[in-house]
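Report on the structure given below.
Just so it is clear, none of the values below were taken in a lab; they were calculated from the coordinates. For clarity, every value in this text was computed on a predicted model and none was experimentally measured. Because the Cβ atoms are built from the backbone with ideal geometry, glycine has one as well, and the counts that use them run over all protein chains shown.
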Amino acid sequence: MMRGTTRGTAVWLAIIAVVATGTSLLVGWKMRGDAGHLRALLSAEIDRGSLVGLGRAQAIGRRVVLADPGDAEAAALLAYADALLATEFGQGTLLEAESAASRADEAGAAKAPSAAAVAGAARALVAL
């Protein structure tokens, strides 16, 4: 009697593990697919340059960087949005701008010249 209960439990645990793995892979795939779209939204909000637009850019940038920590371009854009918020609107985002610029460098901004340029611009604004 004990053997049947153990086998049943093992089967249910295996089913749960397969479903959990499948769900994790699906969510990861979906988030990577949205990264390009979110990066375009991030750039558009920075281009607007308003307080509301930069706030949206900051939120989008945080989401993209959390989803893919190795995305140097998104980290550099987040640093730039934070630096603009600090210099243009007096928001307290200087430390976050420096952190995001460092994250862009760690993620490989040297391989992406545009990311290195944006991170450099963010550092210049922070230096102001």
* Say we join alpha carbon atoms closer than 10 Å with springs in a Gaussian network model of the chain; which of ALA72, ALA20, ALA100 then has the biggest fluctuation? -> ALA20
* Furthest towards positive pole of dipole, SER102, LEU84, LEU26, structure part the chain, Cβ charges -> LEU26
* Cut-off under 5 Å, modelled amide H: who pairs with THR93 long-range -> ALA86
* **segment 5-10 - phi-based ³J(HN,Hα) in whole Hz, Karplus 6.51/-1.76/1.60, Gly and Pro as x** => 5, 5, 5, x, 5, 4
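Which of rounded, prolate, oblate describes segment 11-128, given a ≥ b ≥ c as roots of the alpha-carbon gyration tensor eigenvalues and a/c under 1.5 marking rounded, otherwise prolate only if a/b is larger than b/c?
The shape class here is prolate.
Would you work out the relative contact order for segment 31-128, in percent, from Cα pairs under 8 angstrom that are 6 or more residues apart?
Contact order relative to length: 26 percent.
For the chain, what does the helix formula give at 222 nm: sum of -39500 (n - 2.57) over DSSP H segments with n ≥ 4, over the residue count, nearest 500 deg cm²/dmol?
Rounded to the nearest 500, it is -30500 deg cm²/dmol.
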* Say each of ALA124 and SER50 gets a label point 7 Å from the Cα, pointing the same way as Cα to Cβ; how far apart are those two points in nm? -> 2.7 nm
